[in-house]
1. Find the cysteines in the chain that fail to meet the 4.7 Å Cβ criterion with every other cysteine, and list them.
2. Taking Cα pairs under 8 Å and at least six residues apart, what relative contact order does the stretch 17-173 come out at, in percent?
3. Using the Cα centre as the reference, give the magnitude of the dipole from point charges on the C-beta atoms of the stretch 1-112 (Lys, Arg: +1; Asp, Glu: -1; all else neutral), rounded to the nearest 20 debye.
4. Scan the stretch 74-177 for trypsin sites (Lys or Arg not before Pro) in coil per DSSP, keeping those whose Cβ has at most 13 other Cβ atoms within 10 Å, and list them by number.
5. Would you mind checking the pairs Lys51/Lys75; Lys85/Lys142; Lys54/Lys88; Lys54/Lys141; Lys10/Lys34 and listing those with alpha carbons more than 19 angstrom apart?
6. For the stretch 53-176, what is the charge dipole size about the Cα centre, in debye to the nearest 20, if Lys and Arg each add +1 at the Cβ and Asp and Glu each add -1 at the Cβ?
7. Given 10 °C and 1.306 mPa s, compute D for the stretch 117-175 with the Stokes-Einstein relation, Rh being the Kirkwood radius over Cα pairs; round to the nearest whole µm²/s.
8. Provide the net charge surrounding Thr38, with neighbours chosen by a C-beta distance below 11 Å and charges set as Lys +1, Arg +1, Asp -1, Glu -1.
Amino acid sequence: MTAQTIQDVKEKIRSVENFPKEGIIFRDITTALKDAETLRVMIDYLCDEFKDVKIDYIAGIESRGFIFGMPMAYKMDAGFVPIRKPHKLPAATYSQEYALEYGTDKIEIHQDALPQGANVLIVDDLLATGGTAEAACKLVKKTGANLVGIAFLIELEDLNGREKLKDCGRVVSMLKY
């Protein structure tokens, strides 16, 4: 993938100033998702970054990790496992709490979602502070699966989220802001 192609994708991302609050620049991926070629380039990029590893399962973080995770799982001939907000999964779950700037939240995965030793790639749209992604990594490890890495469309580098992911395998992001 060329630098120009990556720049073309970046130009499809809408920047919305002061959303959801004053001083924030929100990176709106909906403008990129609606363009079929841009969507294809994004999925291909994230898959290609892990083409040297056998991936058994893609674990997508709710909700935008589902958008990228499902087509990636299809393309990589892997299963898909959702990592969800609390009380959304019907069977026994593992939960992992993580810090927010104003408190805590948690995410969950089914206890039987991943077989022991299966190779798992976590996917989400955005790496900001890294709290949710770090919690997802801990959840995958609780199942006994092998976490090979985590893939993001966008990384907000100034927030240093990557620092929290040192034990999460290979960390990849297509677009850096």
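Laboratory data are not the source of any read-out in this text; all were calculated from the coordinates shown. The structure presented is a predicted model; accordingly, all values stated were derived computationally and were not measured. FYI the Cβ positions are ideal-geometry reconstructions off the backbone, even for glycines, and counts take in every protein chain you see.
1. If one checks each Cβ against the other cysteines of the chain, Cys47 turn up with nothing under 4.7 Å.
2. Working: 296 pairs, mean separation 30.2, N = 157.
Worked out over the stretch 17-173, it gives 19 percent.
3. Details: 15 positive and 19 negative charges, 49 e Å.
Magnitude of the dipole: close to 240 debye.
4. On the way: sites: Lys75, Arg84, Lys88, Lys106, Lys138, Lys141, Lys142, Arg162, Lys164, Lys166, Arg170, Lys176; in loops: Lys88, Lys166.
Qualifying residues, ordered by number: Lys88, Lys166.
5. Numbers: Lys51/Lys75 11 Å; Lys85/Lys142 17 Å; Lys54/Lys88 29 Å; Lys54/Lys141 17 Å; Lys10/Lys34 14 Å.
The pairs that break the limit, which is 19 Å between Cα atoms, are Lys54/Lys88.
6. Working: 15 positive and 16 negative charges, 53 e Å.
Here the stretch 53-176 has a charge dipole of around 260 debye.
7. Details: Rh = 11.2 Å.
It comes out at roughly 142 µm²/s.
8. Details: positive: Lys10, Lys12, Lys34, Arg40; negative: Asp8, Glu11, Asp35, Glu37, Asp44.
My count for the surroundings of Thr38 gives -1.
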